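Below: the structure, in structure tokens.
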């Protein structure tokens, strides 16, 4: 019988972590720090967007720059700590989504690029 794809219950090999920052300069600084410490294999800095949210009982509107951070579950705790240490917001958005499927070579690359930080 042929091998079946990895089941969704298998531990993910990679995570996609989202965070948003107030401007391109702070986004680039954080992205460079994460790559430099090998906490991420790649960080995409997206175009500015408009965020509308509730904060301390009021509706707020802000222009933000979103980062898409590729890392591994083993590096998540250190990555979260680094984001919190460098993030200008009192309560930063830090959301991790498990990557349950992907091009095997790309997932291997994420693991290899963050391996120097173990």
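The values are calculated or read from the model by the stated rules, or taken from the named source; none is laboratory data. This one's a predicted model, so the numbers in the text were calculated from it and none came from an experiment. All Cβ positions, even for glycine, are placed from backbone atoms using ideal geometry, and neighbour counts span all protein chains on display.
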field: Enumeration of residues in the stretch 54-73 that are surrounded by 12 or more Cβ atoms within 10 Å (Cβ to Cβ), assigned to a strand (DSSP E or B) and either in contact with a helix residue (DSSP H, G or I) (Cβ under 7 Å, 6 or more places away or on another chain) or without any contact (Cβ under 8 Å) to a residue 24 or more places away in the chain (or both)
entry: 65, 67, 69, 70, 71
task: Please determine, by comparing only the residues of the stretch 8-33 that are buried (at least 16 other Cβ atoms within 10 Å of the Cβ), free of Cβ contacts under 8 Å to residues at least 60 places away in the same chain and in contact with a strand residue (DSSP E or B) (Cβ under 6 Å, 6 or more places away or on another chain), which one is farthest from residue 70 (Cα to Cα).
output: 27
Selection from the stretch 89-118 of residues that are touching a helix residue (DSSP H, G or I) at 6+ places or on another chain (Cβ under 6 Å) and modelled with pLDDT under 95: none
Scope the stretch 40-53; condition over 11 Å from residue 20 (Cα atoms) and touching a helix residue (DSSP H, G or I) at 6+ places or on another chain (Cβ under 9 Å); matching residues: 40, 41, 42, 43, 44
